[in-house]
Amino acid sequence: MSEEELVRRYNAARARRDISTEEGLKAAEIIFEQAGKEDIECALAGGIAMHIYGYLRATTDVDLLASKEPDLPHEQKVSFGGASYLVEVGERRIKVDVIVRDDFFRDFYQAALRDAQKTPDGWRVITPEWMVILKYLAGRGKDQLDLLWMLKEPGLVDRKKVARLLEQVMGKTGAEVALRGLENFYVQAEVMRAGDENGERE
């Protein structure tokens, strides 16, 4: 690595403003409270939801699925539906993306929101099975890493339930096609899990 590349990476790392789980949940809580006043369905997704399930990867914002946008001033629109809000938590301003899909994937996101589970605080979070489906549909590198982590975690994801949920939205034929793509991730996750177990035994 050249000195210039090191400097570039160093500066980029310092510019990142990763948020903690606690900061993310406090930011989400502000939007949840407003959504409750407006009878808007809302559920935690994205990186902070991954934190709840045990994968503490770096994240710089909060993602929520919602039935409509809360009536609050927003920074900008989300390209595939929804809006971005800046929420003050202590001395920080944290971006919260409220996602209201208006594209081809709308039915998947509405179903995921419908099936969201309550947290001990009374808020809602997208289930692991729906997180797997949404991560698979998103298909970005970080989504695939999240997907693999979830699939290799013992007892976290019910794969038969994933199949049933896909069938509910896509029908039997569509679900079978999607599951063929997911099967590659299932195999990779099993290999990763076996590697983890072998490392523990050594």
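No value in this document is a laboratory result; all are computed from the given coordinates. Just so it is clear, the model here is predicted, and its values are computed rather than measured. Note: ideal-geometry Cβ built from the backbone for every residue, glycine included; neighbour counts use all protein chains shown.
Here the range 92-132 is scanned for amide nitrogen atoms under 14 Å from the site 7 Å beyond the Cα of LYS68 along Cα-to-Cβ, giving 100. Label sites at ARG9 and ARG93, each approximated as a point 7 angstrom past Cα along Cα to Cβ, lie 3.1 nm apart.
GNM on the chain, C-alpha springs below 10 Å: top fluctuator among GLY171, GLY46, GLY54? Ranking GLY171, GLY46, GLY54 by mean-square fluctuation puts GLY171 first. With K and R counted +1 and D and E -1, the other residues having a Cβ less than 13 Å from that of LEU147 yield a net charge of +1. When only Cα pairs below 8 angstrom with a gap of at least 6 residues are kept, the chain shows a relative contact order of 15 percent. Of LYS26/LYS68; LYS37/LYS118; LYS77/LYS135; LYS118/LYS160; LYS37/LYS77; LYS135/LYS172, which sit over 24 Å apart, Cα to Cα? Where the Cα-Cα span goes over 24 Å, no listed pair is concerned, since all stay within it.
Taking the range 83-123, which chymotrypsin sites (Phe, Trp or Tyr not before Pro) meet the DSSP loop condition and have no more than 14 other C-beta atoms within 10 Å? The partial results should precede the final answer.
Working: sites: TYR85, PHE104, PHE105, PHE108, TYR109, TRP123; in loops: PHE104, PHE105, TRP123.
Passing sites in the range 83-123 are PHE104.
Might you report the magnitude of the Cβ-based charge dipole of the range 1-150 about its Cα centre, with Lys and Arg at +1 and Asp and Glu at -1, to the nearest 20 debye? Please list the in-between numbers first.
Values: 21 positive and 27 negative charges, 66 e Å.
The dipole of the range 1-150 has a size of about 320 debye.
Here mean projected area of the Cα convex hull in nm² was calculated from the structure, and among (1) 11.4; (2) 14.4; (3) 12.5 it sits at label (2). The antiparallel fraction among DSSP beta bridges confined to the chain stands at about 75%. Here the residues LYS118, LYS135, ranked from fewest to most Cβ neighbours within 10 Å of their Cβ, fall in the order LYS118, LYS135.
Neighbour counting of Cβ atoms within 10 Å sorts the residues LEU86, LEU166, fewest neighbours leading, into LEU86, LEU166. Compactness of the range 90-190 is given as radius of gyration and Dmax, 14.6, 51 Å, from Cα positions. Please compute the modelled spin-label separation between ASN184 and LEU145, points set 7 Å along Cα→Cβ, answer in nm with one decimal. With each label placed 7 Å out from Cα toward Cβ, I get 1.9 nm.
Cα centroids of the range 128-202 and the range 14-48: how far apart, whole angstrom? Between the Cα centres of the range 128-202 and the range 14-48 lies a distance of 25 Å.
For the peptides 139-148, 60-69, what is the packing order when you average, over each peptide's residues, the other Cβ atoms within 10 Å and list the highest mean first? List each step's numbers first, then the result.
Numbers: 139-148: 15.1, 60-69: 21.6.
Top of the packing list down: 60-69, 139-148.
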